[in-house]
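Q: Let me give you the structure first, and then I'll get to my questions.
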Amino acid sequence: GDNRPMFQPSQPEVRRFFCTARRKRREALPLTPIEAQAATWVDAHPEYHAELADLDAALAAIYTVEDGRTNPFLHLSMHLSIAEQVAIDQPAGIRQACELLAARLGSAHAAHHELMECLGEMVWASQRSGLPPDGHAYLDCVRRRATR
C-alpha cells in the first residue's frame with residue numbers, strides 16, 4: 001500500500017492544492033487556513049498566475065534546470081515551509097533571524113527568498129556529504145545575510 005506520511009503530499013496533490021487555493025480565492029469561496037496561507041503567497045507571485053490558472057497544464061508541466069523556469073509549485077511550497085519554520089521557531093532562532101532579515105530588506109517576502117537560498121545550500125551540502133541537513137549551518141547562513 002501507500003506508506004507515505006500524511007505531510008508528504010505527492011507532486012500532483014501539491015499542484016492541485018495551489019491551483020485550488022488560487023481558484024477559491026479568485027471565486028471568493030471559503031478557504032481552509034492552509035489554503036488561505038497558500039493563496040496569500042500565490043497573490044504575492046503574479047508571475048505564476050497563468051500557470052496556476054490551468055490545472056491540467058499544471059499537472060502535466062515538467063520543470064527542468066535547462067528550461068531556466070522556476071517551478072512555481074516548489075517555490076510556493078518553500079514559502080509555506082518557511083512560514084511554518086518561523087511560526088514554530090524551528091530551528092530555534094529562525095524566527096528572529098528572519099525578522100532581522102525582513103527588517104534589513106524592508107520585506108518579509110524578500111527575506112523568505114533569502115531563506116530559500118540558505119535552505120537550498122543546506123540541502124545541497126547534505127546531499128553532497130551524505131549527512132543529515134545541518135540546521136545550524138542554515139541558521140548561520142540566514143544570520144549572516146541579516147547582519148551584512
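The values are calculated or read from the model by the stated rules, or taken from the named source; none is laboratory data. Bear in mind the structure is a predicted one, so any value in this text is a computation, not a measurement. A quick note on method: Cβ atoms are made from the backbone with ideal geometry, for glycine too, and the neighbour counts reach across all protein chains shown. In case anyone asks, the SASA skips ligands and DNA or RNA and just uses the protein heavy atoms, side chains included. Shrake-Rupley method; radii C 1.70, N 1.55, O 1.52, S 1.80 Å.
Q: Test Ile94 against the stated conditions and say whether it is β-branched (Val, Ile, Thr) and touching a helix residue (DSSP H, G or I) at 6+ places or on another chain (Cβ under 6 Å). Reasoning before the result, please.
A: Details: β-branched (Val, Ile, Thr): yes; touching a helix residue (DSSP H, G or I) at 6+ places or on another chain (Cβ under 6 Å): yes.
So Ile94 fits the description; yes.
Q: Somewhere in the stretch 50-57, is a residue in contact (Cβ under 8 Å) with a residue 40 or more places away in the chain, closer than 23 Å to Ala87 by Cα and either open to solvent by 40 Å² or more (accessible area, probe 1.4 Å) or not in a loop (DSSP other than H, G, I, E, B) (or both)?
A: For the stretch 50-57, residues in contact (Cβ under 8 Å) with a residue 40 or more places away in the chain, closer than 23 Å to Ala87 by Cα and either open to solvent by 40 Å² or more (accessible area, probe 1.4 Å) or not in a loop (DSSP other than H, G, I, E, B) (or both): absent.
Q: State whether one or more residues within the stretch 6-17 are in contact with an Asp or Glu (Cβ under 7 Å, 6 or more places away or on another chain), buried (at least 16 other Cβ atoms within 10 Å of the Cβ) and free of Cβ contacts under 8 Å to residues at least 60 places away in the same chain. Break it down stepwise before answering.
A: Applying the first criterion (in contact with an Asp or Glu (Cβ under 7 Å, 6 or more places away or on another chain)) to the stretch 6-17 yields none.
Taking every residue of the stretch 6-17 in turn, none turns out to be in contact with an Asp or Glu (Cβ under 7 Å, 6 or more places away or on another chain), buried (at least 16 other Cβ atoms within 10 Å of the Cβ) and free of Cβ contacts under 8 Å to residues at least 60 places away in the same chain.
Q: If Cys141 passes every condition in (1) over 18 Å from Leu76 (Cβ atoms); (2) hydrophobic (A, V, I, L, M, F, W, C); (3) without any contact (Cβ under 8 Å) to a residue 40 or more places away in the chain; (4) open to solvent by 20 Å² or more (accessible area, probe 1.4 Å) but one, which one does it miss?
A: Among (1) over 18 Å from Leu76 (Cβ atoms); (2) hydrophobic (A, V, I, L, M, F, W, C); (3) without any contact (Cβ under 8 Å) to a residue 40 or more places away in the chain; (4) open to solvent by 20 Å² or more (accessible area, probe 1.4 Å), Cys141 violates only (4).
Q: I'd like the full set of residues that are over 14 Å from Asp140 (Cα atoms) and of a type in the set (A, V, I, L, M, F, W, C), limited to the stretch 107-122. Even if it seems obvious, please write down each step before you answer.
A: As a first pass, look at the stretch 107-122 and keep what is over 14 Å from Asp140 (Cα atoms): 107-113.
Result: Ala108, Ala110, Ala111.
Q: Criterion first (out of contact with any strand residue (DSSP E or B) (no Cβ under 6 Å at 6 or more places or on another chain) and touching a residue at least 12 places away in the same chain (Cβ under 8 Å)) does Glu114 satisfy it? Reasoning before the result, please.
A: Values: out of contact with any strand residue (DSSP E or B) (no Cβ under 6 Å at 6 or more places or on another chain): yes; touching a residue at least 12 places away in the same chain (Cβ under 8 Å): yes.
The answer is yes for Glu114.
Q: When you go through Glu35, Glu99, Glu114 one by one, which is the residue that is in a helix (DSSP H, G or I) and open to solvent by 70 Å² or more (accessible area, probe 1.4 Å)? Full working, then the answer.
A: On the way: Glu35 fails: open to solvent by 70 Å² or more (accessible area, probe 1.4 Å); Glu114 fails: open to solvent by 70 Å² or more (accessible area, probe 1.4 Å).
Exactly one of Glu35, Glu99, Glu114 is in a helix (DSSP H, G or I) and open to solvent by 70 Å² or more (accessible area, probe 1.4 Å), namely Glu99.
Q: Starting from residues that are touching a residue at least 24 places away in the same chain (Cβ under 8 Å) and open to solvent by less than 70 Å² (accessible area, probe 1.4 Å), keep the ones in the stretch 128-138 and report whichever is farthest from Leu100 (Cα to Cα). Spell out the reasoning first.
A: If we filter the stretch 128-138 for residues that are touching a residue at least 24 places away in the same chain (Cβ under 8 Å), which is where we start, we get 135-136, 138.
Filter again for open to solvent by less than 70 Å² (accessible area, probe 1.4 Å), leaving 135, 138.
Details: Gly135: 18, Tyr138: 15 Å.
Filtering the stretch 128-138 for residues that are touching a residue at least 24 places away in the same chain (Cβ under 8 Å) and open to solvent by less than 70 Å² (accessible area, probe 1.4 Å), the one farthest from Leu100 (Cα to Cα) comes out as Gly135.
Q: Out of the stretch 22-44, which residues are under 17 Å from Ala57 (Cβ atoms) and within 18 Å of the chain's Cα centre (by Cα)?
A: Residues satisfying the conditions are Arg22, Val42.
Let's see how each residue does on (1) modelled with pLDDT under 95; (2) not in a loop (DSSP other than H, G, I, E, B):
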{"position": "Gly1", "(1), (2)": "yes, no"}
{"position": "Cys19", "(1), (2)": "no, yes"}
{"position": "Arg23", "(1), (2)": "no, yes"}
{"position": "Leu31", "(1), (2)": "no, no"}
{"position": "Trp41", "(1), (2)": "no, yes"}
{"position": "Thr70", "(1), (2)": "yes, no"}
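Q: Would you point out the residue of the stretch 67-96, among those that are among the small types (Gly, Ala, Ser) and open to solvent by 40 Å² or more (accessible area, probe 1.4 Å), that is nearest to the chain's Cα centre (by Cα)? Give the steps one after another, and end with the answer.
A: Within the stretch 67-96, the subset among the small types (Gly, Ala, Ser) is 68, 77, 81, 83, 87, 92-93.
The next check asks that each one be open to solvent by 40 Å² or more (accessible area, probe 1.4 Å); those that pass are 68, 81, 87, 92.
Details: Gly68: 18, Ser81: 5, Ala87: 14, Ala92: 19 Å.
Only one residue fits best here, namely Ser81.
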